[in-house]
Structure formats: C-alpha cells, structure tokens
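See below for the structure under consideration.
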Amino acid sequence: MLHFARWQIVLIVLTIVVGVLAVMPNLMPRSWVEALPGWLPKQRIVLGLDLQGGAYLLYEVDRQDYMEKRLRSLTGEVRQALRTEPRIGYTGLGVVDGGVQVRIRDAAQFQDARERLADLTNPLNQSLFGGGATDEFALSEGSNDMLRLQFSEEGLAQRMRSIVDQSIEVVRRRIDELGTTEPSIQREGEDRILVEAPGGDPEQLKGLVGTTAQLTFHLVDTSMSGEQALSTRPPPGTMVLMTSEDDDLEPLRPYVVEESPLLTGEDLVDAQPSFQQQTNEPVVSFRLTTSGARRFGEVTTRNVGRPFAIVLDDEVISAPVIREPITGGSGQISGSFTVQGANDLSILLRAGALPAALTLVEERTVGPGLGADSIAAGEMAAIVAAVLVALSMILVYGLFGVFANIALITNIVLLMGLLSLLGATLTLPGIAGIVLTMGMAVDANVLIYERIREEGRAGRTPILAIDTGFSRAFATILDANVTTLIAAVILFQLGSGPIRGFAVTLAIGILTTVFTAFLFTRLLVALWVRRRRPTAVPV
Amino acid sequence: MKLLSLPSDTSIPFMRYRVAAVGTSLVLCVVSIVLFLVVGMNYGIDFRGGTMVELRFEEPVNIGQLRSDVGDLNLGDVQIVEFGDPTDVMIRIEEQPGGEAAQQRGIILLRDLFGEMADFRRVEVVGPRVSGELARAGAIAVIVSLLAIMAYIWLRFEWHFAVGAVLTTLHDVILTIGLFSATQIEFNLTSIAAVLTIVGYSLNDTVVVYDRVRENLRRYKRMTMPHLLDLSINQMLSRTLMTSITTLLALIALFIFGGEVIRSFTFAMIWGIVVGTFSSIFIAAPLLITLGLRPGRVSASDKDDAGSGGGETETQPA
C-alpha cells in the first residue's frame with residue numbers, strides 16, 4: 001500500500017497540476033485569461049442566478065389558447081370552403097366541444113361538402129422516418145348531415161411540439177434584442193420553456209417574453225356603436241374588442257371590428273421607436289412588406305374617412321381615421337406609450353408574434369445586491385469552516401493532520417477545477433455543498449488514521465500499521481461515500497437550479513475526496529515514511 | 001506532537017442503554033409523527049404555490065404597519081417576517097385563486113405599493129401546477145434514494161444490515177420532519193436537499209459502524225451480540241466523534257456566516273448530524289439484535305468486503 005510506482009506518482013501529480021490549472025482562470029482578471037496560451041483551460045465557474053442575480057422564468061405554452069385560436073381560424077376556412085362556387089348551403093357553423101361543426105342543408109350536397117372539408121384536415125409533415133403523414137384534424141360525420149372537424153391526438157401533439165420550437169425561436173430573438181448577456185432558453189418537458197437570464201431588469205424581461213404580440217389591423221365597422229354591439233350582438237363577420245387595459249387615461253372602450261384582419265404582424269419588415277413630430281409623443285414606426293404595402297394601399301384608398309383599429313393581442317391600441325390613402329408602406333402606431341413601452345413594442349414586433357400564449361408558471365428572480373451578499377457570505381463561511389476543520393485536524397492528529405489539511409486544500413482545488421472544466425453552475429446551496437464537503441472530506445482521513453492507530457495498538461510495526469490502516473479503511477470509505485453519492489445523484493435528477501448546484505458540488509466533492517484521501521494522502525504518507533523510517537506509530 | 005486526543009480504547013457498554021435509547025427514540029418518533037399530523041409542516045411556496053418576496057427597505061421598517069398595508073391588498077393569507085436585518089422583510093402570499101395566470105397579481109400589487117421605497121432582492125412565484133409537481137418529485141426523491149441505498153447495502157452486506165440501515169435512516173428522516181413541524185421552519189425544496197443530505201450522512205455513519213460489526217463477526221465467532229456491538233462501536237467511537245465534530249464545525253460556520261437564505265437549510269443539517277450520529281450508535285446497532293443477526297451467521301464466503309481485502313496486504317511488506 002505504501003509502494004508507489006513512478007508512473008502512479010506522475011499520474012497523481014499530473015491530476016493535481018491539471019486541477020490547479022483549471023482553477024487559475026477563476027482567480028485571474030478576465031484580460032489575463034484571454035491572454036493565456038490556447039492549450040490552457042480558460043473556463044470559469046459559472047455563477048448561478050442566485051449568486052449573480054437574474055431571472056429564472058418557466059413558461060408553459062397555453063394549449064387551450066392555441067386550440068381556441070386554431071379552431072377560430074378553421075371556422076373561417078370552413079366558411080370559405082363552403083361559400084366558394086358552387087355554394088353549399090349550411091347552418092349552425094361554429095366551435096362545439098373542441099371541434100368545428102357544421103350542418104349541411106341539402107343532403108344532395110353532403111358528399112361534395114365532405115370532400116371540401118376533407119381538404120382542410122391539413123396533413124402535417126412527418127419526420128424523416130415517421131412513415132405515413134398525420135392529419136392535424138380528423139373529419140367525422142354526425143347524424144342529420146352534420147360534419148365535424150376535430151383535432152387528432154397525434155396531430156395536436158405534433159403541432160404543440162413545433163409551437164414550442166417556434167416559441168423558443170421567437171423568445172430568443174426578443175431577448176437577443178434586449179442585449180442581455182448569455183441568456184439560456186430551453187425546452188423543459190413537453191410544453192414548457194425555461195428562460196434563464198442573468199442580470200437585467202426581470203420585469204422588462206417578463207413583459208417581453210410573456211406578451212404574445214399578435215399585431216393585427218382591422219377595419220372598424222361603424223354601422224353599430226361598440227356599446228350597442230355589446231348589449232345586442234355584433235353584425236355577422238365582426239367582433240367586439242376592447243381598448244387596452246393598462247390605459248389609465250381612458251375607461252375601457254368597445255370597438256366593433258371586422259373579424260378578418262387587413263394586415264398582421266407578419267406583413268411588417270421593421271418596427272422602430274420614434275417620436276411623433278407634432279406632439280413629441282413616443283410612437284412606433286413600422287414599414288410593411290411589398291405585398292403588405294400594396295394591400296394596405298388598396299384598402300385605405302377604398303376606405304378614406306373610416307377608422308381602422310390597431311389591435312395587439314385582442315386589445316385595441318388605437319383606432320385612427322384614414323385621412324388619405326396610405327400607399328408608402330410605412331406608418332406609425334400611437335397609443336399613449338411611454339418611451340420604454342414604445343421601445344418594447346418595437347422589439348416585440350421585430351421579433352414576431354408567439355404562435356400561442358405563454359403562461360408564466362414559475363418565477364424566481366434575484367437582484368444583484370442579494371447575489372453579491374450571498375457570495376460574500378458563502379466565502380466567509382467557507383474560510384471559517386476551512387480554518388476550523390484544519391485546526392481541529394492538526395490538534396488531534398499532529399503531523400498527519402497537516403497531511404490531511406494538504407489533502408483538504410488539494411481536494412477543494414480539484415473540486416473547483418472540475419467545476420470549471422465541466423462548466424458547472426455554482427449556486428449558494430452549491431457553496432454549502434463545498435463547505436459540507438470540507439467537513440466530510442476529512443472523514444476519509446479520520447477513518448484511515450483511526451485504523452492506523454488501532455493497528456498500532458494491536459502491536460504491528462509502525463510501517464505495517466500504516467499500510468494496513470490504509471488498505472482496511474478503503475472498503476469502508478468506499479461504502480460510506482457511495483451511499484452519499486447515491487443521494488447526490490437522485491438529488492440532481494429531482495432538482496432545479498440551486499438544488500442541482502448543491503447536488504453537483506456534493507457529487508464531485510465525493511469523487512475528489514476519495515481521490516485525495518486515498519491516493520494523495522497515501523502518497524504524502526508514503527514519501528514521509530520513506531524519508532523518516534518511523535519507529536513509533538505516528539498518529 | 002498532538003495537542004488533543006480523542007477517547008481511545010474505550011469500553012462503554014452502549015448496549016446496556018439500548019432499551020432506554022431505543023425507547024426514547026420511539027417516543028420522539030411518535031411525537032414527531034403526531035406533530036406532523038396535528039400541527040403539520042410550514043410548507044413553502046415550492047410545494048404550496050404562491051409568492052415569496054424578499055424586500056430591503058431604505059430604513060428599518062415597522063412590520064405592523066407593513067402587515068396592515070399589505071393586508072389591504074386582499075391577497076388572502078399573507079405572512080410578513082423580518083429577514084436578517086431590520087431593513088429586510090420577507091413577505092409570503094398564498095396561492096391566488098384563478099389558476100396559473102392569476103399568480104402574478106400579488107407581485108404586481110406589491111410592486112405598486114413598495115416599488116419606490118424598497119429593493120426587491122428576491123421574488124419567487126410558483127404556480128399551482130409546478131408546486132404540485134415539485135411536491136411529488138420531492139417525495140419521490142426521498143423514497144427512491146432510500147430504496148437505492150438499501151439496494152446498495154443489500155449488495156454489499158447481509159439483509160439484516162440493509163434493513164437496519166434503512167430503518168435507522170427512516171428514524172432520522174422522521175425526527176427531521178419532527179423538527180420542521182415543531183419549529184415551523186419553512187419546508188421547501190432546499191429542505192428536501194437537507195433531508196437527502198442527512199440521509200447520506202446518517203447512512204455514511206451507519207455503514208461505517210456496520211462495516212466494523214461485519215468484520216468483528218468474522219473475527220470473534222463466539223462473542224455475544226451485545227458484546228460484539230459494544231466492541232465495534234467503541235472501536236469506531238473516536239472516528240464517529242471526530243467526523244461529527246469537523247462536519248458540525250463546518251456547518252456552524254455556514255449557519256453563522258452563510259447568510260439568511262440558507263440558514264434554515266444549515267439548521268436542519270446540524271440537527272441531522274446530531275441525530276444521525278446518535279442513531280448510528282443507539283439505533284443502528286441494536287436493530288441488528290432485533291433483526292436476529294448472530295455471530296457465525298456471516299460466513300467468509302458470504303458477500304466478502306472485497307475491495308482492499310484485509311488479509312493479503314499483511315503479507316506484503318511496505
């Protein structure tokens with residue numbers, strides 16, 4: 001046990017050197033790190049959001065919202081399909097129980113109607129190996145010449161997957177516009193998106209990510225006032241929308257607008273915050289695509305004098321009157337914005353709308369002040385703990401306590417080095433994990449030393465006692481640490497954010513502990529034995 | 001060379017007190033379970049849903065005034081406590097009715113109220129669905145880890161040891177839950193981490209003692225169980241104490257200097273170390289007697305403690 005081959009010594013020393021090199025970037029200013037030669041590790045330990053401040057936001061794609069929207073547009077498609085010549089008479093078209101259904105008036109036309117609706121089942125592209133295509137909707141027949149289009153289970157699931165992907169893309173574009181450093185945006189489970197962004201203003205971030213930002217322009221129907229439409233029924237093909245809720249200046253006002261939009265956010269090529277010249281009020285200027293500009297030009301030419309509504313997420317932002325044809329393909333949206341409001345809306349419009357609403361289901365934000373305090377507290381605790389543990393080891397084991405302390409320092413260096421190399425995130429519970437590791441790391445040394453003592457008392461020669469002490473303690477150390485490792489791994493599986501950080505440091509701490517206690521301490525002791533040839537059991 | 005020495009070569013008759021020790025433990029366990037059932041735990045928002053905000057005001061605050069201000073917001077059950085400093089408060093708001101989308105209400109109202117005069121150092125909002133999932137995941141984690149550890153010990157030892165280790169660990173978990181119920185310290189995800197770490201530590205301790213028991217069972221085939229257990233515990237006593245002391249020192253440093261955020265975590269850990277150390281001596285060992293383990297039952301061929309395998313190295317000169 002006390003014999004080391006040269007290559008073993010080399011390996012142990014090499015491991016420690018790598019550990020030291022890996023820790024170095026954390027202790028140097030950034031400019032030095034960049035100046036390091038290419039073969040040296042440059043990664044630093046990533047600080048968790050709880051240490052550097054930032055936001056952890058978990059969103060869920062609102063399945064219900066998506067289904068409602070999709071069914072609404074499907075209703076329009078059905079209407080369109082049945083109205084194309086030769087027209088098919090129908091009644092009772094609408095959304096019922098999560099599907100669109102319609103009754104065909106003339107039984108003679110039923111087959112024709114069926115074929116037309118079958119075209120709307122919308123085959124989705126399957127993956128490369130997926131085999132046959134799945135339809136988004138399933139068409140079924142009911143009694144009394146009823147036709148019904150309903151989401152197919154697989155179709156909806158596939159649709160949701162692509163919606164989550166698209167949403168991630170949109171969210172990424174929006175956050176990139178904000179210029180936050182290193183945000184992480186990833187899928188969580190089936191229909192969730194996790195946004196982790198260090199620093200920045202969490203409220204602004206939430207506003208940007210959580211807004212659907214579906215911009216539409218609708219002509220306002222002036223045949224009926226909004227209040228009237230609310231109390232009775234809006235004319236067919238129109239709907240009632242209210243003004244924006246956050247608008248403190250005016251009470252909510254209803255508008256009757258045409259259901260099908262003139263333009264949508266997709267017709268925009270650019271949006272920028274600016275100021276209106278006369279009033280100096282913040283506005284959002286936009287430019288339209290060529291086809292959007294042509295359509296807008298035609299409509300405004302035909303409807304001079306009529307108001308149109310600019311609608312964001314089903315709320316009317318403003319409803320200006322068309323004074324003259326707008327053919328230039330650009331315009332302004334005003335709506336009592338603040339400067340930041342105009343800026344945020346431009347970002348949203350540039351990045352595009354979310355395909356479905358996102359609901360915030362979990363939020364954890366930490367301000368930069370608390371993060372800095374936590375780091376300071378963690379450092380202080382770590383230093384005090386290290387001093388206390390080191391002192392008690394020296395008090396109890398003397399020279400071998402010094403060996404244990406050298407091993408302990410090596411252990412912490414290796415632990416930090418591995419954390420840097422793996423790019424693991426250090427959280428406040430993670431620091432607690434390191435401090436705990438310090439306390440428990442010496443356990444391995446204690447087990448060995450106590451065993452050496454015992455073997456010495458049993459009458460073995462010092463060298464034999466040391467040798468036996470190491471070998472006998474090993475199985476115990478292994479068993480004891482594997483059990484803790486199991487707990488750490490399961491914690492990692494369960495955990496989110498900070499807890500994961502704890503599990504990671506605990507698990508890595510166990511590995512480095514076994515290494516330092518069993519190989520490094522043994523090497524130190526072996527070198528000492530070789531030099532001193534002790535005549536009494538030294539512990 | 002050494003300034004302090006730990007007790008060595010002791011022969012404390014631990015097993016003589018085993019009835020008293022196990023009895024006390026049983027009573028404490030029952031008390032813990034009753035507390036858990038009657039008083040219940042103070043679950044944090046991780047498991048119950050709701051909003052938690054940590055605020056730092058510019059000046060020391062009057063908590064009574066804050067309570068009435070926040071009470072006027074009609075947010076249901078609200079808890080407000082000082083958090084470390086007189087300028088710092090923690091506000092906890094229960095889950096708002098109306099599903100996931102309604103949960104932002106509390107934080108919006110609080111920002112309206114305090115946005116000007118306080119720094120929002122920490123904000124956590126957990127919706128009803130996530131809190132349900134976290135609670136389930138937490139419970140599963142504790143159970144799965146107990147099973148996994150039992151499986152590992154079963155592989156390495158006789159079944160008596162596996163069952164004994166799990167019962168001992170269960171004892172520690174129950175007492176830790178008792179602590180949370182008795183003190184009403186918030187029980188959240190971090191507490192689950194604390195419980196699992198206690199599980200790991202307590203097992204570590206138990207395994208070390210069991211390891212020695214197994215070794216002694218092979219060596220002293222004719223010793224009575226209580227004697228053999230006393231011998232094993234005494235042999236390991238200085239180690240058990242030393243490790244507990246160093247771990248406790250580290251934890252006390254964390255408790256004092258580590259800040260308010262992890263204080264409840266450290267507090268639970270300190271309790272866990274004390275309980276775990278106690279149980280590895282007074283619960284784990286007697287359980288082996290109760291479970292019917294006898295000297296001579298462990299044969300050399302049976303699940304040997306492989307690894308470094310004691311014997312061979314003795315013949316090898318250093």
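Exactly one condition in (1) at pLDDT below 90; (2) more than 11 Å from chain B (Cβ to nearest Cβ) is not met by A:G497; state its number.
A:G497 satisfies every listed condition except (2).
Residues to consider are A:S334, A:S274, A:S244, A:S318; find the one that is of a type outside the set (F, W, Y), within 16 Å of A:L349 (Cβ to Cβ) and free of Cβ contacts under 8 Å to residues at least 24 places away in the same chain. Even if it seems obvious, please write down each step before you answer.
Working: A:S334 fails: free of Cβ contacts under 8 Å to residues at least 24 places away in the same chain; A:S274 fails: free of Cβ contacts under 8 Å to residues at least 24 places away in the same chain; A:S244 fails: free of Cβ contacts under 8 Å to residues at least 24 places away in the same chain.
Of the residues listed, the single one that is of a type outside the set (F, W, Y), within 16 Å of A:L349 (Cβ to Cβ) and free of Cβ contacts under 8 Å to residues at least 24 places away in the same chain is A:S318.
What residue, among those in the stretch A:25-52 that are assigned to a helix (DSSP H, G or I) and without any contact (Cβ under 8 Å) to a residue 12 or more places away in the chain, is farthest from A:A372 (Cα to Cα)?
Quick first cut of the stretch A:25-52, residues assigned to a helix (DSSP H, G or I) only: A:25-27, A:30-35, A:49-52.
With without any contact (Cβ under 8 Å) to a residue 12 or more places away in the chain added as a condition, the list becomes A:27, A:30-35.
Numbers: A:L27: 17, A:R30: 18, A:S31: 22, A:W32: 23, A:V33: 22, A:E34: 24, A:A35: 27 Å.
Of everything passing the filter in the stretch A:25-52, A:A35 is farthest from A:A372 (Cα to Cα).
Could you list, in sequence order, all residues of the stretch A:166-213 that are farther than 15 Å from A:T359 by Cα and in a strand (DSSP E or B)?
Within the stretch A:166-213, A:S184, A:I185, A:Q186, A:E196, A:A197, A:P198 meet the criteria.
Could you tell me whether A:L388 is under 20 Å from the mean Cα position of the chain (by Cα) and either part of a helix (DSSP H, G or I) or closer than 20 Å to B:T266 by Cβ (or both)?
Considered against the rule, which asks whether it is under 20 Å from the mean Cα position of the chain (by Cα) and either part of a helix (DSSP H, G or I) or closer than 20 Å to B:T266 by Cβ (or both), A:L388 comes out as no.
Looking at (1) more than 14 Å from chain A (Cβ to nearest Cβ); (2) surrounded by fewer than 21 Cβ atoms within 10 Å (Cβ to Cβ), find the lone condition where B:D119 falls short.
With (1) more than 14 Å from chain A (Cβ to nearest Cβ); (2) surrounded by fewer than 21 Cβ atoms within 10 Å (Cβ to Cβ) applied to B:D119, the lone miss is (1).
Can you tell me which of B:Y201, B:Y210 is aromatic (F, W, Y) and over 26 Å from A:L428 (Cβ atoms)?
Only one candidate qualifies: B:Y210.
Taking the options A:T512, A:T468, A:T425, A:T461, name whichever one is under 41 Å from the mean Cα position of the chain (by Cα), modelled with pLDDT of 90 or more and in the same structural domain as A:I394 (by TED's automatic domain parsing). Step through it out loud before you land on a result.
Values: A:T468 fails: under 41 Å from the mean Cα position of the chain (by Cα); A:T425 fails: modelled with pLDDT of 90 or more; A:T461 fails: under 41 Å from the mean Cα position of the chain (by Cα).
None of the others qualify; the one that does is A:T512.
When A:K69 is evaluated against the numbered criteria (1) within 14 Å of another protein chain (Cβ to nearest Cβ); (2) within 20 Å of A:G98 (Cα to Cα), which criterion, by number, is the only one it fails?
For A:K69, the failing item is (1).
Only one of A:A55, A:A81 is small (G, A, S), surrounded by 12 or more Cβ atoms within 10 Å (Cβ to Cβ), within 14 Å of chain B (Cβ to nearest Cβ) and not in a loop (DSSP other than H, G, I, E, B). Can you tell me which?
After applying the criteria, what remains is A:A55.
Please work out if A:T468 is of a type outside the set (G, A, S), part of a helix (DSSP H, G or I), within 9 Å of another protein chain (Cβ to nearest Cβ) and within 22 Å of A:L21 (Cβ to Cβ).
Working: of a type outside the set (G, A, S): yes; part of a helix (DSSP H, G or I): yes; within 9 Å of another protein chain (Cβ to nearest Cβ): yes; within 22 Å of A:L21 (Cβ to Cβ): no.
Judged against the criteria, A:T468 is not a match.
Between residues in the stretch B:212-236 that are within 19 Å of B:F157 (Cβ to Cβ) and outside any helix (DSSP H, G or I) and residues that are modelled with pLDDT of 90 or more and not charged (D, E, K, R), which pairs lie under 7 Å by C-beta distance while being six or more apart or on different chains?
Taking only residues 6 or more apart or on different chains, the pairs are B:Y220/B:L228.
Being under 24 Å from the mean Cα position of the chain (by Cα) and outside any helix (DSSP H, G or I) narrows it down to one residue among B:G40, B:G23; which is it? Show your work before the answer.
Values: B:G23 fails: outside any helix (DSSP H, G or I).
Going through B:G40, B:G23 in turn, the sole match is B:G40.
Name every residue in the stretch A:475-514 that is touching a Phe, Trp or Tyr at 6+ places or on another chain (Cβ under 9 Å), hydroxyl-bearing (S, T, Y) and part of a helix (DSSP H, G or I), in order of residue number.
A:T483, A:T484, listed by residue number.
Taking B:I281 as meeting all but one of (1) in contact with a Phe, Trp or Tyr (Cβ under 8 Å, 6 or more places away or on another chain); (2) at pLDDT 85 or above; (3) facing chain A (nearest Cβ under 8 Å), write down the number of the exception.
(3)
Which residue out of B:T247, B:T176, B:T183, B:T224 is within 12 Å of chain A (Cβ to nearest Cβ) and of a type in the set (S, T, Y)?
Residue meeting the stated conditions: B:T247.
Of (1) surrounded by fewer than 20 Cβ atoms within 10 Å (Cβ to Cβ); (2) more than 14 Å from every other protein chain (Cβ to nearest Cβ); (3) assigned to a helix (DSSP H, G or I), A:M380 satisfies all except one. Which?
For A:M380, the failing item is (2).
State whether one or more residues within the stretch B:42-55 are free of Cβ contacts under 8 Å to residues at least 60 places away in the same chain, of a type in the set (D, E, K, R) and within 14 Å of chain A (Cβ to nearest Cβ).
Looking through the stretch B:42-55, none of the residues is free of Cβ contacts under 8 Å to residues at least 60 places away in the same chain, of a type in the set (D, E, K, R) and within 14 Å of chain A (Cβ to nearest Cβ).
Being within 24 Å of B:A284 (Cβ to Cβ) and either within 14 Å of another protein chain (Cβ to nearest Cβ) or surrounded by fewer than 18 Cβ atoms within 10 Å (Cβ to Cβ) (or both) is the filter here, so list the residues in the stretch B:4-21 that pass it.
Here is the first cut: in the stretch B:4-21, the ones within 24 Å of B:A284 (Cβ to Cβ) are B:6-21.
Within the stretch B:4-21, B:L6, B:P7, B:S8, B:D9, B:T10, B:S11, B:I12, B:P13, B:R16, B:Y17, B:V19, B:A20 qualify.
The values are calculated or read from the model by the stated rules, or taken from the named source; none is laboratory data. Only a predicted model underlies this, so the values are computations on that prediction, with no experimental measurement involved. All Cβ positions, glycine included, derive from the backbone under ideal geometry; neighbour counts span all protein chains shown.
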